[in-house]
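The values are calculated or read from the model by the stated rules, or taken from the named source; none is laboratory data. Remember, it's a predicted structure, so these values are computed and weren't measured experimentally. Reconstructed Cβ throughout: ideal geometry from the backbone, glycine too, with neighbour counts over all protein chains shown.
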Amino acid sequence: MQVVYILWLRELKKYLRSRAQIVASLGTPLMYLGVLGFGLGPVFRRAGEGSYLQFVAPGVIGMTVLFTSVFSGIALLFDRQFGFLKETLVSPVPRIRIMIGRTLGGATVATIQGTLIFVVCLIAGFRPTHLALIPLGFLFMLLIAIVFAAFGTALGSGLQDMQGFQLIMNFMVLPIYFLSGALYPLDNLSKPMVVATHLDPLSYGVDALRNILSGVQHFHLATDLALLSGVAVLFLGLGAWMFSRIQL
């Protein structure tokens with residue numbers, strides 16, 4: 001397990017050393033929080049739904065965790081390009097340990113990013129419904145991060161270069177976010193949208209965060225936990241299998 005710890009620590013140190021990356025990665029969530037949180041607030045209130053900032057803040061946190069964790073997996077492409085991945089794979093260590101270390105490192109970084117956005121939401125005026133449940137929210141952040149860090153590892157293991165990156169962003173990652181209910185309630189949707197949102201793993205993560213932080217839920221919290229845990233196991237297995245097939 002020493003290799004897992006070393007790779008986890010490497011991902012964490014790499015993140016903490018890059019102050020520019022920390023600041024830049026906050027840009028998009030802040031834009032969504034500011035433009036949508038305050039811009040659509042009056043419309044949301046006129047619809048009788050209360051404060052849109054209270055509604056959208058958990059979705060923005062989920063978005064931050066999603067993008068950061070997926071990008072940490074796709075960072076395999078950079079390691080492959082600069083030779084670090086080859087040095088790691090030729091070591092006498094089972095590849096599954098390498099994959100787990102990288103995945104846990106990426107998930108930790110994504111959870112830290114989500115925590116930073118949570119603090120920004122508090123500054124902007126967001127107020128959690130139950131303060132005692134905030135630690136449970138961090139656990140769900142970590143679970144979301146593990147799901148999508150493993151998903152990113154599977155994607156990064158299957159790509160050979162950066163040319164497929166925009167394809168993945170436009171046809172996989174962005175739909176996962178927009179179908180999750182992060183920006184709108186999941187009630188009273190059309191049947192195709194209901195099916196799509198139910199198949200989206202992030203829907204359950206955002207619903208859990210919204211339930212814990214804002215007291216609003218669409219699914220049951222136990223359902224969110226069970227499905228996210230199952231998808232985490234599935235994606236970890238898929239990521240490990242794809243990682244084991246990487247050719248040097």
Here's a check for you: in the stretch 69-102, which residue that is assigned to a helix (DSSP H, G or I) and hydroxyl-bearing (S, T, Y) is modelled with the highest pLDDT?
S69
Can you say whether I134 is surrounded by fewer than 16 Cβ atoms within 10 Å (Cβ to Cβ), touching a residue at least 60 places away in the same chain (Cβ under 8 Å) and in a helix (DSSP H, G or I), as far as the supplied structure shows?
yes
Of the conditions (1) more than 13 Å from the chain's Cα centre (by Cα); (2) farther than 29 Å from P128 by Cα; (3) small (G, A, S), G152 fails just one. Which one is it?
(1)
Residue within the stretch 140-147 that is touching a Lys or Arg at 6+ places or on another chain (Cβ under 9 Å) and hydrophobic (A, V, I, L, M, F, W, C) present
no
Restricting attention to the stretch 198-212, does a residue exist that is free of Cβ contacts under 8 Å to residues at least 60 places away in the same chain, of a type in the set (D, E) and either under 28 Å from T88 (Cβ atoms) or touching a helix residue (DSSP H, G or I) at 6+ places or on another chain (Cβ under 9 Å) (or both)?
yes
In the stretch 101-120, the residues that are surrounded by fewer than 22 Cβ atoms within 10 Å (Cβ to Cβ) and under 13 Å from L53 (Cα atoms)
V120
When you look at I123, is it in a helix (DSSP H, G or I) and surrounded by fewer than 16 Cβ atoms within 10 Å (Cβ to Cβ), yes or no?
yes
Across the stretch 191-222, which residue is surrounded by the most Cβ atoms within 10 Å (Cβ to Cβ) among those that are over 22 Å from V173 (Cα atoms) and small (G, A, S)?
S214
Taking only pairs six or more apart or across chains, which ones have beta-carbon atoms under 8 Å, a first residue in the stretch 223-236 that is among the acidic types (D, E), and a second residue that is in a helix (DSSP H, G or I) and buried (at least 16 other Cβ atoms within 10 Å of the Cβ)?
D224/F140; D224/Y204; D224/G205; D224/D207; D224/A208; D224/N211
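Conditions (1) on the phi < 0 side of the Ramachandran plot; (2) modelled with pLDDT under 95, marked per residue:
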| position | (1), (2) |
| --- | --- |
| G181 | no, yes |
| L186 | yes, yes |
| P192 | yes, yes |
| T197 | yes, yes |
| Y204 | yes, no |
| R210 | yes, yes |
| S214 | yes, yes |
| H218 | yes, yes |
Among L225, L238, L143, L155, which is crowded, with 19+ Cβ neighbours inside 10 Å and at pLDDT 90 or above?
L143
